[in-house]
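K.L.:
Pasting a structure below so you can have a look.
Any read-out appearing in this document is the output of simple, stated calculations on the displayed coordinates, not a laboratory observation. Computed from a prediction, not measured in an experiment: that's the story for all the values here. No Cβ is skipped: glycine too gets one built from the backbone with ideal geometry, and neighbour counts run over all protein chains shown.
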Amino acid sequence: MTTTMLVIQFVLTILITIVILLQKSSSIGLGAYSGSNDSMFGSKGPTNFLQKATYTLGLLFILNTLALGYYYNQESSKSAVDKIDIHSIIPSAPQSQSVPSAPPVQN
């Protein structure tokens, strides 16, 4: 479960980075592609779409981070000693076997 969530976390990180870099900044940045009014996002460009995508991905990122923290905490609540199978490390005592008694010695 945590492995899947960790992969989702990496994917969300990459997607958030891409969406933020695509937004228009004061120095244009990577948002220069949205110059015309004939774009598929309308006359305002992708601004509203990218903002909503950023908020949504940010919310998913935070929720996934909290869930990962919870699951990792649950897994680490057991100590290392609790995880060890003591019977596989320490051999059990040998079974007591009855030793035949020796005959009495006569002098």
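K.L.:
What's the FRET efficiency of E75 with I14 using the Cβ-Cβ distance as r and R₀ = 25 Å, to the nearest 0.05?
P.N.:
Details: r = 25 Å, r/R0 = 1.02.
Between E75 and I14 the formula returns 0.45.
K.L.:
Moving on. How large is ³J(HN,Hα), in whole Hz, for each residue of the range 49-54 in order, when computed from phi with the Karplus curve 6.51 cos²θ - 1.76 cosθ + 1.60 and θ = phi - 60°, using x for Gly and Pro?
P.N.:
Values, residue by residue: 4, 5, 5, 5, 5, 5 Hz.
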